[in-house]
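Please treat every number below as a calculation from the coordinates, not as lab data. Just so you know, these numbers come straight off a predicted model, no measurement behind them. Here the Cβ positions follow ideal geometry from the backbone for every residue, glycine too, while neighbour counts run over all protein chains shown.
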């Protein structure tokens, strides 16, 4: 599958490299087509790796992943272009983190709205699926690195898009995947990052992922 | 220790019975001193079990547990009386669940405030500790029923109160306990119930509890 990634940071680069390894074509897109990080990444990866702009990633991808910082996300998807993303599956793994009051962060949107819904509103004809926002990128591409089988959660309005995303998550190694419902369930997924950050700070780990434990007898 | 419980529902009754079993004295308090559920519970439990009003529970308890429905919580703590709870440790295990739009529920307070903070403001001289709100009562009193060692999280402003609550959690069987910080961290804890409910609906379990998985090599 051809996958466009919006965002040239560690998440985009690491996830992009893994997707190449899985046999996908990947275009890493930045604000400008001459983004040096994206160019260096593509040169290093070789093969099916390409670099370009947000617009290029939107055109290239049959599926597009939004992997920007929360604060730059809406600008990025607007630049990528709603019309270029119409009918496409868009994975949103961003978090609306607000560091303006220091650590630990808060959210700049929440409770009655979410960044996932903002992206869906900015891309009305795309099929936005919120997922992967509750772990760091090393766990996104290797959930077994946690020492077990953590849960992954997703939310979105389009059943076909959620099926495609589920298959991609399975390729990445996720086995316990729960569909929470429509994109408004991003209001449930995004606050989880607040706990994730706090737990990481307290336990000095950034390799943690959530698992719900239960035994049939414990119901 | 003498423990007062505000709330005579399943959570108060089940948790109260477990605390009696652990050797504590327990007064189960309802809106009126002649609450039939509390009276029946105390008669059935015998020994150190008592029934009474919210006020009675506040006077009786060296530590007081708020185990009311979210919607009735502030009324209950106001009736219990801020002056009676001054200087005492108050465990808040409530959730501000809003079922007015059907299932799954939303929260009636969140993001920039929490029910935990509202209780602390209603009881300015008490030491409110938010915890246990992220599991059902069978897991509160038996975390190992999940088949593992789930995480429990707590938040509150007073270090001594958090230490007392930690010891009580340990008596209940909790081994992985994380102190998230001040009572404002209830904003992080309360939204977790939204995921907990949705996960339970999807997987047909109400015996689940969260664990963060990580291995030292997965950082």
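A few points about this structure:
- Inter-chain Cβ neighbour count for A:193-200, averaged per residue, equals 5 (cutoff 10 Å, partner chain atoms only).
- Fully extended contour minus Cα-Cα distance, from residue A:62 to residue A:203, at 0.36 nm per residue: 46.9 nm
- Distances between copies of residue A:215, taken at a point 7 Å out from Cα along the Cα→Cβ vector and listed shortest first: 2.3 nm.
- For the residues of A:103-116, the average number of beta carbons from a partner chain within 10 Å of their own beta carbon is 2.
- Summary for residue A:103: label point 7 Å along Cα→Cβ; distances to the equivalent points in the other copies, ascending, 4.1 nm.
- Per-peptide average of other Cβ atoms within 10 Å, ordering A:188-198, B:7-17 highest first: A:188-198, B:7-17
- Region A:93-207: relative contact order in percent, alpha carbon pairs under 8 Å with at least 6 residues between: 32 percent
- Over chain A, dividing the summed -39,500 (n - 2.57) contributions of all DSSP H runs of at least 4 residues by the number of residues returns a 222 nm mean residue ellipticity of -10000 deg cm²/dmol.
- Highest-fluctuation residue, B:44, B:118, B:139 considered, GNM on chain B with Cα pairs under 10 Å: B:44
- Applying 0.36 nm per residue to the separation of residue A:34 and residue A:101 and subtracting their alpha-carbon distance, the gain on full extension is 20.8 nm.
- C-alpha center-to-center spacing [region B:62-85, region A:21-71] in angstrom: 55 Å
- Residue A:86 label point (Cα plus 7 Å toward Cβ) to equivalent points in the other copies: 6.8 nm, shortest first.
- Mean separation of Cα contacts under 8 Å (6+ apart) over length of chain A, as relative contact order %: 17 percent
- Number of partner chain Cβ atoms within 10 Å, mean per residue of A:137-148: 3
- Fewest-first ordering of B:68, A:106 by other beta carbons within 10 Å of each residue's beta carbon gives A:106, B:68.
- The simple Förster model, with R0 at 30 Å and r as the Cβ-Cβ distance, assigns residue B:75 and residue B:178 a FRET efficiency of 0.45.
- Residues A:129, B:165, ranked from the fewest to the most other C-beta atoms within 10 Å, line up as B:165, A:129.
- Relative contact order, percent, region B:4-95 [alpha-carbon distance under 8 Å, six or more residues apart]: 31 percent
- C-alpha center-to-center spacing [region B:119-176, region A:165-180] in angstrom: 32 Å
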